[in-house]
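*Asks:* Mind looking over this structure? Questions follow.
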Amino acid sequence: MGTQEDTLTLTPEIWTAEVVYVGFGTPMLKGGLVVVGEHVVAVGPLAELRQTYPEAPLIHKGKALTPKVVNAHTHLDLSTVPYFRGSYTDFIKHVIDHGSNRTEEAALQGLSELQTLRVGGFGDIAYRSEVVEWLLENSSLPGVVYLEVINRNPEQAEAVARRVAQRLTEWRKRKSPLRVGISPHTPYNVSPALLKKLVEMARLEGFPLQMHVAESPEETALMTQSSGPLKALPERYGYPPYQNLPGQTPVRYLAELGVLGPHLTVVHGVQVDEEEVQMLAQSGTQVVACPRSNEALACGQMPWELYLKYRLEPALGTDSRSSSPDLDVRGEALFLWGRVDPRVLVRAAARNGYRVLGLEAPRITRGTPVSQVQSW
Ligand SMILES: [Zn+2]
């Protein structure tokens, strides 16, 4: 026979929020979860749950109840670079000037933040091989760590691609909850020859690709007109100049080069027109939005209505601590709350994040421990 205390802890409660999403199907605007002790025992529309559990207290949990969310795009090695607001070009200078911060210690700081936030997974771009190796060794969270590749000299394409292939082939033998992938930095920082090789390797070997594309107006100016503030950066830092800029917008350039497809995740996708959104959607390319970073770096905002029109539902990422106040992807959704349908946003933060990283999306059903449920 149970004590009085046992009886109390086992009283059913109905949890509700502005949006309740169980990980599949349509998020519910008037939904709820019945919780007994440490487990969910029922999910469904609030009216039905209240009928079945008339005595259960109704507990409002805030904006949303969802499975664990996913941060689909970040750079943990930038965790100790100070937060920056300003133009995209000045941000790139800020990152280059703090290049020595991109260490395992910074990655540890970022990883600890993600663990504290209890994310269900993450996608990370690491600048140095040492950081990739450190994450493979130390992450208890699943996801993908992408090695960043920057090289504009087409004559070096063969050698760089070979080096990347060697590293990834070795890394993927390691036991880790993380998979390895490749991140060609941007359409203008990798030569077309190298980009083609990396994409071919990714397709043949099954490595996921993640790339910053159509982020800033400066990127478009550089790609289409060979002009704008980004143009002067290589000279400022003594880097080799941009070569053979295509005179095309980033997405059209990638489409022509044969880079788009389901193996590729485009991060940002802000500076796009309707035809480009259609190209991304029809090719099966995945997209990750980072709205708070876009706002901080004066990049504009992704045209969500166009993506949704073509049934391309983006995932969400914070980008790094150098352009985002924290690594909590829920903050990205809340930043857009009301401007974009909240049901789209909770799906973006949960299911779509898992999909982009090739992880199975968890579901909240009868029997799910409440530790697997996140309230926002
Ligand atoms: Zn980024």
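*Asks:* Restricting to the range 305-325, what's the tally of residues that are within 14 Å of the chain's Cα centre (by Cα) and away from the ligand (no atom under 15 Å from the Cβ)?
*Replies:* Number of matching residues: 1.
*Asks:* In addition: Can you tell which of E295, E274, E313 is touching a strand residue (DSSP E or B) at 6+ places or on another chain (Cβ under 9 Å) and acidic (D, E)?
*Replies:* E313
*Asks:* Within the range 306-329, track down each residue that is closer than 20 Å to P217 by Cα and among the charged types (D, E, K, R).
*Replies:* D319
*Asks:* Another one. Kindly check whether there is at least one residue in the range 62-70 that is in contact with a Leu (Cβ under 7 Å, 6 or more places away or on another chain) and within 16 Å of the ligand (Cβ to nearest atom).
*Replies:* Among the residues of the range 62-70, at least one is in contact with a Leu (Cβ under 7 Å, 6 or more places away or on another chain) and within 16 Å of the ligand (Cβ to nearest atom), which makes the answer yes.
*Asks:* Mind checking which pairs have a first residue in the range 293-320 that is within 16 Å of N352 (Cβ to Cβ) and a second that is aromatic (F, W, Y) and away from the ligand (no atom under 13 Å from the Cβ), Cβ under 8 Å, 6 or more apart or different chains?
*Replies:* That search, which allows pairs on different chains as well, returns E313/Y307; P314/W304; P314/Y307.
*Asks:* Among residues belonging to the range 50-90 that are of a type in the set (D, E, K, R) and part of a helix (DSSP H, G or I), point out the one that is nearest to the chain's Cα centre (by Cα).
*Replies:* Result: D77.
*Asks:* If you check G86, G99, which single one turns out to be of a type outside the set (S, T, N, Q), within 22 Å of Y237 (Cα to Cα) and at pLDDT below 95?
*Replies:* G99
*Asks:* Next question, about the same structure. Report the residue count in the range 31-43 for those that are without any contact (Cβ under 8 Å) to a residue 40 or more places away in the chain and under 11 Å from W15 (Cα atoms).
*Replies:* Count: 4.
*Asks:* Go through the range 257-311 residue by residue and tally those that are farther than 22 Å from F122 by Cα and either basic (K, R) or in contact with a His (Cβ under 9 Å, 6 or more places away or on another chain) (or both).
*Replies:* 3
*Asks:* Out of the residues in the range 73-100 that are aliphatic (A, V, I, L, M) and over 20 Å from E218 (Cα atoms), state the one that is nearest to the ligand (Cβ to nearest atom).
*Replies:* Looking at the filtered set, the residue picked out is L78.
*Asks:* Among the listed residues P262, P229, identify the single one that is under 23 Å from F207 (Cα atoms) and either without any contact (Cβ under 8 Å) to a residue 40 or more places away in the chain or in the same structural domain as V344 (by TED's automatic domain parsing) (or both).
*Replies:* Just one listed residue meets the conditions, P262.
*Asks:* Could you check the range 192-232 and list, in sequence order, the residues that are of a type outside the set (D, E, K, R), within 16 Å of the ligand (Cβ to nearest atom) and over 19 Å from the mean Cα position of the chain (by Cα)?
*Replies:* Listed by number, the list holds a single entry, L230.
*Asks:* Quickly run through the range 260-304 and pick out the residues that are farther than 19 Å from P208 by Cα, β-branched (V, I, T) and within 15 Å of the ligand (Cβ to nearest atom).
*Replies:* Answer for the range 260-304, where residues must be farther than 19 Å from P208 by Cα, β-branched (V, I, T) and within 15 Å of the ligand (Cβ to nearest atom): just V270.
*Asks:* Does the range 327-338 include one or more residues that are in contact with a Pro (Cβ under 7 Å, 6 or more places away or on another chain), of a type in the set (D, E) and assigned to a helix (DSSP H, G or I)?
*Replies:* Yes, that holds for at least one residue.
*Asks:* Here is a further query. What's the total number of residues in the range 352-367 that are closer than 16 Å to P27 by Cβ and assigned to a loop (DSSP other than H, G, I, E, B)?
*Replies:* 5
*Asks:* Let me ask something additional. How many residues are surrounded by fewer than 16 Cβ atoms within 10 Å (Cβ to Cβ) and within 16 Å of the ligand (Cβ to nearest atom) when one looks only at the range 109-156?
*Replies:* The number of residues fulfilling the criteria is 1.
*Asks:* Would the range 347-356 turn up any residue that is under 30 Å from G37 (Cβ atoms) and hydrophobic (A, V, I, L, M, F, W, C)? Give the steps one after another, and end with the answer.
*Replies:* Going through the range 347-356, the residues under 30 Å from G37 (Cβ atoms) turn out to be 347, 349-351, 353-354.
Checking the rest, the ones that are also hydrophobic (A, V, I, L, M, F, W, C) come to 349-350.
So far as the range 347-356 goes, yes, one or more of its residues are under 30 Å from G37 (Cβ atoms) and hydrophobic (A, V, I, L, M, F, W, C).
*Asks:* State all residues of the range 91-146 that are in contact with a strand residue (DSSP E or B) (Cβ under 9 Å, 6 or more places away or on another chain), part of a helix (DSSP H, G or I) and aliphatic (A, V, I, L, M); if no residue qualifies, say none.
*Replies:* Residues satisfying the conditions are A107, L111, L114, V131, V132, L135, L136.
The values are calculated or read from the model by the stated rules, or taken from the named source; none is laboratory data. Remember, it's a predicted structure, so these values are computed and weren't measured experimentally. Backbone-built Cβ (ideal geometry, glycine too); neighbour counts: all protein chains shown.
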